[in-house]
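The next block holds one structure in the form of structure tokens; read it before the comments.
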Amino acid sequence: MFFLVSKIFWLLAQPLSMVFLLMLGAVAALFWGRKRPALAALAAGLLIHGAVSFTNLGYLVMQPLEDRFAVPASPPQTVDAIIMLGGATLERPSSARQIAELNDAGDRLTTTLWLAQKYPSAKIFLSGGGGALTDDGEAEARTAERFFLAFGIDRDRLVLEAESRNTDENVANTKDLLGESGEGTVVLVTSAFHMPRSVGIFEKAGLSVVPWPTDYRTPGPQSFGFDIANPVQNVNVSTAAIKEWVGLLIYYWTGKTSDLFPGP
């Protein structure tokens with residue numbers, strides 16, 4: 001139920017959906033002869049669209065998330081397990097073409113591959129089922145498996161968790177699979193902006209991990225301003241950042257994390 005409610009909520013609450021709903025509201029208000037509500041809805045829609053598309057707002061909102069955890073300055077000497085959270089591949093083309101087509105978070109895969117080569121005795125836990133409302137293809141863990149096998153990683157090192165649909169299920173299902181590996185040094189790989197919530201859930205589940213953030217989207221400290229070079233990218237960053245902050249809030253309210261903004 002939590003998965004379904006969260007997906008429907010975000011389908012309606014994400015910036016572009018809100019702009020669309022406000023435009024619909026403006027048209028409906030005009031149809032009913034309500035000029036002021038129509039203008040208010042139109043102005044709100046334009047403001048949201050302008051802020052997420054033509055300013056650096058998304059980068060400012062994402063910056064604290066990405067700065068919360070850093071790549072270890074002194075990497076561990078040995079690693080027993082590497083956990084990679086899903087969200088790094090495009091489900092439909094990967095499944096249809098039997099490839100591993102990466103999305104904007106593809107660094108999760110390449111960083112995990114590098115770590116797998118650096119720590120050749122570590123087990124690699126690939127956590128990711130289907131995160132969409134509709135089941136259009138294979139579980140992401142299967143796609144990731146294809147990626148690592150193509151780069152020569154031994155199949156015996158790979159442990160697939162292909163049932164999870166969100167971060168909470170990633171953690172719960174992976175913990176069940178860790179076994180003795182969970183008693184040693186466990187490295188967690190996910191996008192930098194996603195790391196605070198992920199670490200918070202693992203800590204709540206009683207599992208200590210070494211955060212290894214990747215897939216950075218922000219360039220560093222900056223002041224608010226206009227950014228018209230790539231509106232589509234600005235929308236994507238804004239959407240991911242807002243979604244993550246909303247996720248932190250909801251996971252804290254529902255007791256899935258102990259801190260609102262988990263940190264080192």
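What follows is calculated from the coordinates using simple rules that are stated; it is not laboratory data. Keep in mind that what you see is a predicted model, and the values were worked out from it rather than measured. Cβ coordinates were reconstructed from backbone atoms using ideal geometry, including for glycine residues, and neighbour counts include every protein chain displayed.
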Which of Gly179, Gly58, Gly220 ends up with the largest GNM mean-square fluctuation for the chain, with Cα atoms connected below 10 Å?
Gly179
Would you report the distance distribution of C-alpha pairs in region 10-96 as whole percents per 10 angstrom bin, up to the bin with the largest distance?
13, 24, 24, 20, 12, 5, 2, 0
Taking a straight Cα-to-Cα line shorter than 20 Å from Lys123, and setting aside same-chain lysines fewer than 8 residues away, one finds Lys175
Over all Cα pairs of the chain, how is the pair count split among 10 Å bins, expressed in % and running from 0 up to the last occupied bin?
7, 27, 33, 21, 8, 3, 1, 0
If I model a spin label as a point 7 Å beyond the Cα along the Cα-Cβ vector, how far apart are those points for Ala150 and Met18 in nm?
3.7 nm
Note to self: C-alpha centroids of region 203-263 and region 110-184 sit apart, in Å, by 22 Å
If you fit an axis through the alpha-carbon atoms of helix 57-67 and take the longest principal axis of the Cα set of the chain, what angle between them do you get, 0 to 90°, nearest 10?
20 degrees
Estimated 222 nm signal from helices in the chain, with DSSP H stretches of n ≥ 4 weighted -39500 (n - 2.57), rounded to 500:
-16500 deg cm²/dmol
Considering only Ser121, Val79, Leu109, whose Cα is most displaced toward the positive end of the charge dipole of region 69-126, charges sitting on Cβ of Lys, Arg (+1) and Asp, Glu (-1)?
Ser121
Most exposed to least, judged by fewest other Cβ atoms within 10 Å, Val79, Val5, Val235, Val171 sort to Val5, Val235, Val79, Val171
R0 of 30 Å, Cβ-Cβ distance Leu177-Asp259: FRET efficiency to nearest 0.05
0.75
Where nothing but the Cβ of Lys and Arg (+1) and of Asp and Glu (-1) is charged, how large is the charge dipole of region 107-204 around its Cα centre, in debye to the nearest 20?
340 debye
Non-local amide H neighbours of Leu188 (under 5 Å, H modeled in plane, Pro and chain starts lacking H): which ones?
Ile83, Val210, Trp212
